[in-house]
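Here it is, the structure in full.
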Amino acid sequence: MFNVASEETYQDGQVIFEEGSSGDWVYAIVSGQVEISKAVGGKKVVIEVLQPDDVFGELGFLGGFKRTATATAIGETMVGIIDRTSLDEEFNKLSSDFRTILGAVVERFRKMIDRTWSETKEGS
């Protein structure tokens, strides 16, 4: 499905990446599960639990901004790191107009996430 550059194994509870960290790797779950969470008002809020074949970390790649959530392994989890060169090649095959639209959608999504979690934090 994806051109995987390398695979990494994480143990239960091990953080794959933290909210606010930089990085533009995109991951695909080979086995295990990954919990996606955010810190809200000093508490961890689980957004989703991802399964094998799910992809995560795409916002950092598409938008070039810091991680919007924390990804943590549930049980022993193997992830494939999707090859950056092949992702760039695929992305660059898109028309410049479509890349612009996709960039706008990603930026709007990031702002929505930030606003939603700020409002949630204030309401806590």
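Every read-out reported here was derived from the displayed coordinates using simple, explicitly stated rules and does not represent laboratory data. All figures in this text were calculated on a predicted structure; none of them were measured in a lab. Here the Cβ is made from the backbone with ideal geometry for all residues, glycine too, and neighbour counts use every protein chain on show.
With the chain treated as a Gaussian network of Cα nodes joined by springs under 10 Å, which of Asp53, Asp83, Asp97 yields the largest mean-square fluctuation?
Most flexible of the set in this elastic network: Asp97.
Let me ask something else about it. Top mean-square fluctuation among Val26, Val55, Val46, Gaussian network model of the chain, C-alpha springs under 10 Å?
Val46
Ok, one more. Over segment 4-123, what is the relative contact order in percent, taking alpha-carbon pairs closer than 8 angstrom and at least six residues apart?
Details: 226 pairs, mean separation 42.9, N = 120.
Once normalised by length, the contact order is 36 percent.
Moving on. With charges only on Cβ, +1 for K and R and -1 for D and E, what is the dipole size of the chain about its Cα centre, in debye, rounded to 20? Before the final figure, lay out each step's value.
Details: 13 positive and 21 negative charges, 126 e Å.
Computed about the Cα centre, the dipole is about 600 debye.
Moving to a separate point now. Which residue fluctuates most in the GNM of the chain (Cα springs below 10 Å): Ser22, Ser37, Ser95?
Judging by the Gaussian network model, the answer is Ser95.
For segment 4-123, compute the number of Lys pairs whose alpha carbons are separated by less than 26 Å, excluding pairs fewer than 8 positions apart on the same chain.
13
Calculate how large, on average over all directions, the projected area of the Cα convex hull of the chain is; give the answer in nm² to one decimal. Mind dumping the intermediate values first?
On the way: hull surface 30.6 nm².
So the mean shadow area of the Cα hull is 7.7 nm².
Given the -39500 (n - 2.57) contribution per DSSP H run of 4+ residues, what per-residue ellipticity at 222 nm results for the chain, rounded to the nearest 500 deg cm²/dmol? Before the final figure, lay out each step's value.
Numbers: 3 runs with 44 residues, N = 124.
The per-residue figure over the chain is -11500 deg cm²/dmol.
Give the residue from Gly32, Phe56, Ser86 lying farthest towards the positive end of the charge dipole for segment 4-123; charges sit on Cβ (+1 for Lys and Arg, -1 for Asp and Glu) and the dipole is referred to the Cα centre.
After comparing all options, I get Phe56.
Can you give me the distance in nm between label points at Ala104 and Lys43, each placed 7 Å from the Cα along the Cα-to-Cβ direction?
Placing both labels 7 Å beyond Cα along the Cβ direction yields 3.8 nm.
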